[in-house]
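Heads up: the structure comes next, in structure tokens.
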Amino acid sequence: MAELLNPKNTDAFPLVITPGMFLHSLLDLGDFGNDLAIGIQKQKLWLEGQLFGSPGAILFRGFSVSNAEEFARVVEAFGYESMGYRAGAATRKHLVGPVYTNNALDSETELGFHNEMSYLADYPDLVVFFCEVAPPPSAGGATGIVQGKAIYNRIKKEFPEFTEDLENKGLVYYNLRSEESWKKVYETNDRAEAEAKAQILSRTLLWLDDGGVKEILSKGTRKGIRELDSGVHGNNKVWFNSIGSAKPWFPQFQYFEFSDGSKLPAKAVEAALKIMDEEQVSVEWQAGDIVVMNNHSVLHKKHAAAPNTPRKILVSMLKTSGAPV
């Protein structure tokens, strides 16, 4: 059977697959092989069962994948559609095929737990990370992953009204930009032109008296709690949002509010951030590692590293179109 990244985690989250591994004797799937792309093509149905059910995340480790082109071949082996990164809030550069650079944050900057692009109406079903350059041991820079059901189950017990509001009211995500900032981001001094560019990105600009702008990241509201497909997940409700990304700035978070304009309760948010850190599994990157996760049920975060720590993570965001998410 596949190994555990964390021996204390009896749910095998994430599932770790290495070259030559015998996957499951009962299903007679046999040896996974040494060519990861071919292995994915041969074992796709079984892999989908792991990604769209439990555990929801797989770490491929020890395979010979060393650059963006080889990573693209692995991603394309799944046969899913790349959704690119249109309207995303981070800064990414397209490299080849379905492959993009990760966010452009400094090594020492932490990015808290979130479901990728959950602030938009259209977001990826699968997120795939590839480690081209691993940070040195003990330098930091790991990626944390956590199951949304674990967060939801715990926070619901402590703050049931908060989880109900997340589910029923939904969230509005926004940025507060100074006049200098919005002019730089939209490359114009003209408000009408900035509004037109924002509309292309499904954003709305609300002008402030000081010349700045409240930039709504998506039209409409986003649910903060989702119920996954009952046929696959057994009516599981999961934490599905980007509230955790506020952690580096807590408690001065100004990036989301309920759809009625009310603020999120600070005590509940603080408790949720703590729960995410407690429930996470930390992936200490090794060069060549590939992590595939169900974006509907698994959140991820970037841990801080020492200044100027070498670390290069590439990413691909996929729409599964018909797979049981």
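The values are calculated or read from the model by the stated rules, or taken from the named source; none is laboratory data. Predicted model, so just to flag it, every value in this text is computed and none were measured. When the accessible area is computed, the model is the full protein with side chains, heavy atoms only, and any ligands, DNA or RNA have been set aside. Shrake-Rupley method; radii C 1.70, N 1.55, O 1.52, S 1.80 Å.
Just checking, how many residues over segment 144-173 are open to solvent by less than 10 Å² (accessible area, probe 1.4 Å) and not in a helix (DSSP H, G or I)?
5
Does Asp106 qualify as being open to solvent by 20 Å² or more (accessible area, probe 1.4 Å) and not assigned by the TED database to the domain that holds Val75?
No: the conditions fail for Asp106.
How about segment 1-78: which helices (runs of 4 or more DSSP H) wholly inside it have at least 2 residues that are at pLDDT below 95 and open to solvent by 40 Å² or more (accessible area, probe 1.4 Å)?
Here the list reads 36-42, 44-52.
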